[in-house]
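The structure appears below as structure tokens.
The values are calculated or read from the model by the stated rules, or taken from the named source; none is laboratory data. Note that this is a predicted model, so its numbers are computed, not measured. Using ideal geometry, Cβ is built from the backbone for each residue, glycine included, and neighbour counts are taken over all protein chains shown. The area values use the complete protein model at the heavy-atom level, side chains included, leaving out ligands, DNA and RNA. Shrake-Rupley method; radii C 1.70, N 1.55, O 1.52, S 1.80 Å.
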Amino acid sequence: MVNSWRQMLLDGLFPQCCLFCGLQCRKEPLCSACRGELQLNKDCCSRCALPLASINQQHDSLGPRYCGHCLRSSPHFDAVLAPYLYDEQFALLIQRWKYQPDPKLAKLMAALWLYAAPAELPAVDLLLPVPLHWRKLLQRGFNQALQLCQELQQHHPALRSTKLASRWCRRQRSTLAQAGLNAKARQGNLAGAFTLSRGCDNLRIAIVDDVMTTGATANALARCLKEAGAHTVQLWCLARTPAPPD
């Protein structure tokens, strides 16, 4: 009750506004109308969550659907849970979160993920935030993937007892920024970038990140985890980009 009254007092003295339209909000810096405009990633590849062309509802019982890339060459990760499409609106949220440190933005991102993710999450033993190189961590001041893990654990009952492996994996070398690189260059950029401090025998692991573009980061980390004995490796992220141009 004390916390509730304190929050009401703070909201009255320092009202927050929607990041998109500027209207006053109560719980989150995103109003319900603007949140409703975020595009959900409903029709997507069952393996990598790449957006696919929609199909008729009567064909939903046909089973899993896979993109051409996953059919040609299966990635090292087993599945991707990316509830939203990465468009201009979502890009604005991600940029604000990563480069303007504000605890409310991490809470907002977790709330958005929980709102659109399945009510019953896949069973996992370990949450593994994608690590930043120490230089990038020093520059930014925080790891957004770790923030998302912590918020998800706090607000989803099924994840509160799930181990958070914030120090199991290390990015041992600084890599080029992935933005602007094509798929092949991204894969080469991340070769040998990750090392583990312990084995992962028979563990079900969820890698946590903000956005999936080509999947090079998730694939490199999943390969490292599988070689260390992981049973299954998923990627949990906020949004998935459409297929990049060749």
List the GluC sites (Glu not before Pro) within segment 83-156 that fall in a DSSP loop (any state other than H, G, I, E or B) and whose Cβ has at most 15 other Cβ atoms within 10 Å. 120
Non-local residues with an amide H under 5 Å from the amide H of residue 25, with H modelled 1.01 Å from N and Pro and chain starts lacking one, are 16, 17, 18
Note on segment 77-180: alpha-carbon gyration tensor, axes a ≥ b ≥ c; rule is a/c under 1.5 for rounded, else prolate if a/b larger than b/c, else oblate; result oblate
Set 42/98; 163/226; 104/226; 107/226; 27/136; 104/163 screened for pairs whose C-alpha atoms are more than 27 Å apart: 104/226; 107/226; 27/136
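Whenever you get a sec, line up 214, 162 from highest to lowest accessible area (probe 1.4 Å, protein heavy atoms).
In descending accessible area the options line up as 214, 162.
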Just reorder 104, 98, 27, 226 by solvent-accessible area, largest first, 1.4 Å probe, all chains present. 27, 104, 226, 98
Can you give the extra length, in nm with one decimal, that the chain gains between residue 134 and residue 161 once fully stretched, where that is 0.36 nm per residue apart less the Cα-Cα distance? 6.9 nm
